[in-house]
Structure formats: C-alpha cells, structure tokens
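Report on one structure; see the data block that follows.
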C-alpha cells in the first residue's frame with residue numbers, strides 16, 4: 001500500500017494509529033485470499049470478527065509516498081478466536097510489528113461464538 005499525505009502527521013511521518021488501519025486492511029485481504037468475505041460471514045453465518053487484543057511496536061518511521069507491505073501470519077486458531085502476527089515493511093526494512101487477537105462474535109448479540117466450520121477448517125489447514 002502507498003502512504004498518502006492524509007496518513008501523515010504535521011512532521012510528515014505516518015501517524016501512529018494509521019498503522020492499525022494498514023493492519024486491518026491486510027487482515028481483510030488475508031481473509032479474502034482464504035476465500036472469505038467479511039460481508040458473507042456476517043450475512044450467511046451471522047458472525048463478524050472484533051479485535052480483542054493488540055500490541056504494536058513501532059520500529060522506524062514511515063513517510064509520505066512510501067510503498068509499504070503489510071503481512072499477516074496465522075499463529076493460533078481457537079474455537080472462537082484467531083491470533084495473528086503482523087509486520088509493516090518498507091522493502092526489506094521492518095517498520096512495525098503487531099500481535100493481534102480477533103474474536104468471532106454473533107452479529108445479533110455481539111457475544112463470542114464458535115467460528116463457522118468452513119472458516120475454522122480452512123484456517124486450521126493454514127497453520
């Protein structure tokens with residue numbers, strides 16, 4: 001992804017919270033690549049994912065017009081949650097790292113539920 005002017009602060013550095021947006025987009029694309037659209041999970045299975053835990057380390061500054069890559073690595077699949085490691089890179093240079101846990105919740109109640117079997121099976125095959 002490209003860093004736009006709107007992603008930066010007054011000093012021309014990517015505003016810290018925007019790294020979270022970059023990671024969120026990467027997780028959406030990762031699920032899509034695995035064959036699951038989030039709208040489909042909500043409409044067909046009645047579930048969505050919510051972030052329950054996030055730790056991020058900022059290692060270097062990203063700046064306007066940088067081309068960044070954001071990775072997603074599956075660490076653990078539980079009955080109702082996924083643990084992921086993420087990295088933001090500029091070329092080979094690591095800009096930030098993150099550890100994210102997302103929980104599967106019911107659209108109707110917003111309470112934790114088991115992941116739908118097709119999703120859980122696909123994710124289990126990725127570990």
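Observations, loosely collected:
- Residue 31 being assigned to a strand (DSSP E or B), within 17 Å of residue 126 (Cβ to Cβ) and within 14 Å of the chain's Cα centre (by Cα): no
- Scanning segment 83-94 for residues that are more than 17 Å from residue 56 (Cβ to Cβ) and touching a strand residue (DSSP E or B) at 6+ places or on another chain (Cβ under 9 Å) yields one hit, 91.
- Of the listed requirements (1) more than 23 Å from residue 117 (Cα to Cα); (2) buried (at least 17 other Cβ atoms within 10 Å of the Cβ); (3) under 18 Å from the mean Cα position of the chain (by Cα), residue 25 misses just one: (2).
- Subset of segment 76-89 [over 21 Å from residue 14 (Cβ atoms) and either in a loop (DSSP other than H, G, I, E, B) or in contact (Cβ under 8 Å) with a residue 40 or more places away in the chain (or both)]: 76, 77, 78, 79, 80, 82
- Test: residue in segment 48-57 that is farther than 30 Å from residue 116 by Cβ, touching a strand residue (DSSP E or B) at 6+ places or on another chain (Cβ under 7 Å) and exposed (fewer than 14 other Cβ atoms within 10 Å of the Cβ): yes
- Of all the criteria given as (1) farther than 18 Å from residue 122 by Cβ; (2) free of Cβ contacts under 8 Å to residues at least 12 places away in the same chain, the one not satisfied by residue 38 is (1).
- Residue within segment 1-18 that is farther than 12 Å from residue 119 by Cβ, touching a residue at least 40 places away in the same chain (Cβ under 8 Å) and assigned to a helix (DSSP H, G or I) present: yes
Quick note: the coordinates plus some simple rules give every number you see, no bench work behind them. All of these numbers come straight from a predicted model, not from anything done at the bench. All Cβ positions, glycine included, derive from the backbone under ideal geometry; neighbour counts span all protein chains shown.
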